[in-house]
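The values are calculated or read from the model by the stated rules, or taken from the named source; none is laboratory data. Note that the structure is predicted; figures quoted are calculated from it, not measured. Because the Cβ atoms are built from the backbone with ideal geometry, glycine has one as well, and the counts that use them run over all protein chains shown. Just the protein is used for accessible areas: all its heavy atoms, side chains included, with ligands, DNA and RNA removed. Shrake-Rupley method; radii C 1.70, N 1.55, O 1.52, S 1.80 Å.
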Amino acid sequence: MHDHAPAPPSALHARIRAAIADRIRSGEWPPGTRIPSEHDLMADWGCARATVSKALSSLAADGMVTRNRRAGTIVALPRIHSAILSIPDVRVEVEARGGTYAHHILADELRAPCCVHLGAEGHHLGESRFLRVLHLSDTRPIMVEDRHIFLDAVPEARAADFAGEAPGSWLVRRVPWTQAEHRIAAVAVEAAVARALALAHAAPSLLIERRTWRESDTVTIVRQWFRGDAFDLTARFTPSA
């Protein structure tokens with residue numbers, strides 16, 4: 001029989017961090033969940049408080065959790081305000097303006113690993129659930145989105161019911177993310193999108209493309225075409241912003 005030396009604290013803190021991160025990414029611990037206390041984690045892993053604290057501090061630095069002496073350690077909510085351009089939930093935006101929101105699923109399919117384009121760049125990514133969704137305000141079409149949700153990052157999206165809740169709203173409520181990239185352009189809409197938006201073929205529209213990550217994993221890539229006469233972008237900022 002050979003004696004096995006205990007894992008050095010640096011390796012153990014990394015294992016604790018990975019175990020917690022896996023439970024967050026899998027959806028077992030959704031945003032807002034209070035994770036076990038430092039004392040509970042110390043007992044579970046048989047380690048010193050400094051080792052647990054180092055693991056939690058690393059998760060907090062990456063935006064996966066927030067730490068508070070009173071509330072404990074909480075799985076972080078999506079930090080929409082951290083993006084350079086904040087794109088609100090379309091449903092929330094419509095209802096804030098006094099409209100009645102609705103959405104229709106125009107396409108819904110599983111897609112094998114492929115190259116997904118965002119602007120001129122192609123990204124080779126894993127299996128995804130692809131949805132084309134029409135968003136309406138007071139029965140008037142305002143936006144069409146093409147969205148890939150990547151199942152290695154969000155496995156629960158495979159069986160999610162998006163008929164009752166649009167995929168963008170579903171992701172915001174359930175899946176924390178750490179980084180986002182936006183691209184905005186004025187484009188002529190393609191024929192299928194024009195029909196859905198009740199626009200003439202090649203009519204101008206506002207295109208917003210966004211990719212969001214959870215650490216190194218791509219959560220979703222979405223392309224959103226807005227009617228130019230039904231949507232605007234506003235921002236307030238200061239010279240130091």
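Brief remarks on what is shown
- Within the stretch 137-175, the set of residues being out of contact with any strand residue (DSSP E or B) (no Cβ under 7 Å at 6 or more places or on another chain), over 30 Å from Ala188 (Cα atoms) and either free of Cβ contacts under 8 Å to residues at least 40 places away in the same chain or crowded, with 22+ Cβ neighbours inside 10 Å (or both) comprises Ala159, Ala160, Asp161, Gly164.
- For the stretch 176-184, the criterion of being open to solvent by less than 50 Å² (accessible area, probe 1.4 Å) and free of Cβ contacts under 8 Å to residues at least 40 places away in the same chain is met by no residue.
- When the stretch 17-63 is filtered for residues that are in contact with a Ser or Thr (Cβ under 7 Å, 6 or more places away or on another chain) and either modelled with pLDDT under 90 or over 18 Å from Arg174 (Cβ atoms) (or both), the ones remaining, listed by number, are Arg17, Glu38, Leu56, Ala60, Asp62, Gly63.
- Close Cβ contacts (under 6 Å, 6 or more residues apart or on different chains) running from residues in the stretch 21-41 that are farther than 12 Å from Gly72 by Cβ to residues that are not in a loop (DSSP other than H, G, I, E, B) comprise Ile24/Val75; Gly27/Glu156; Trp29/Arg23; Trp29/Val75; Pro30/Arg174; Pro31/Val75.
- Count of the stretch 72-115 residues, restricted to those that are at pLDDT below 90 and open to solvent by 80 Å² or more (accessible area, probe 1.4 Å), is 10.
- Selection count, the stretch 126-144, where residues are under 20 Å from Ala194 (Cβ atoms) and not in a strand (DSSP E or B): 1
Here is a yes/no grid of residues against (1) more than 20 Å from the chain's Cα centre (by Cα); (2) among the hydroxyl-bearing types (Ser, Thr, Tyr):
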| residue | (1), (2) |
| --- | --- |
| Arg15 | yes, no |
| Asp22 | no, no |
| Ser26 | no, yes |
| Asp40 | yes, no |
